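Novice: The structure's right below; bear with me while I get my questions together.
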Amino acid sequence: MSATDSHPVSLSVFFPCWNEQEAIEPLTRKAVDVLESIGADYEIIIVDDGSTDRTGEITDRLAAENKRIRVVHHPTNRGYGAALQSGFRAASRDWVFYTDGDGQF
C-alpha cells in the first residue's frame, strides 16, 4: 500500500542479531528508508541477543535517534530461537516481518 491509500500498512519489522556491529546500522537505516518511502505505519525492533561487541551501543543510539526504533536486549546470548521469540513478542503492528541482523537476506 502506498502513502496515498486510506489505510497504510501496519508493520513490525524486527532484526534478531548477535555481534553485528558492522551490519546492523546500515540494515536499520535502509529499512527506515524503505518503510518511509511506502508510507507504512511501522516500528523496527532490534533484538540484541547478548552481543559482546558494540551492537548494543549502536542499536541504543539508533533508537535514541528515531522513536520508531526499539531495542530488546538479552543480557546473555540465549540463541536464535529466543531472539525470534522476543521479536515476535515485542511486535505490536498488524503484520510482522523479520530478517537476520547481518543483512544477508
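The values are calculated or read from the model by the stated rules, or taken from the named source; none is laboratory data. Remember, predicted model here, so these are calculated numbers, not experimental data. Please note: Cβ atoms are built from the backbone with ideal geometry, for glycine as well, and neighbour counts cover all protein chains shown.
Novice: Out of the residues in segment 1-50 meeting the condition of being assigned to a loop (DSSP other than H, G, I, E, B) and of a type in the set (D, E, K, R), tell me which one is modelled with the lowest pLDDT.
Specialist: Taking the candidates together, the pick is Asp5.
Novice: Hey, could you check segment 37-73 for residues that are of a type in the set (D, E, K, R) and in contact with a Phe, Trp or Tyr (Cβ under 7 Å, 6 or more places away or on another chain) and say which is surrounded by the most Cβ atoms within 10 Å (Cβ to Cβ)?
Specialist: The extreme case among them is Asp49.
Novice: Could you tell me whether any residue of segment 56-65 is touching an Asp or Glu at 6+ places or on another chain (Cβ under 9 Å), of a type in the set (Ser, Thr, Tyr), under 23 Å from Gln104 (Cβ atoms) and at pLDDT 95 or above?
Specialist: There is at least one residue in segment 56-65 that is touching an Asp or Glu at 6+ places or on another chain (Cβ under 9 Å), of a type in the set (Ser, Thr, Tyr), under 23 Å from Gln104 (Cβ atoms) and at pLDDT 95 or above.
Residues are listed down the side, and each one gets a yes or a no for (1) farther than 23 Å from Ser6 by Cα; (2) in contact (Cβ under 8 Å) with a residue 40 or more places away in the chain:
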site: Tyr42; (1), (2): no, yes
site: Ile58; (1), (2): yes, no
site: Leu62; (1), (2): yes, no
site: Glu65; (1), (2): yes, no
site: Ile69; (1), (2): yes, yes
site: Gly87; (1), (2): yes, yes
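Novice: When you go through (1) over 13 Å from the mean Cα position of the chain (by Cα); (2) small (Gly, Ala, Ser); (3) at pLDDT 95 or above one by one for Ala83, which number turns out not to apply?
Specialist: Status for Ala83: all satisfied but (1).
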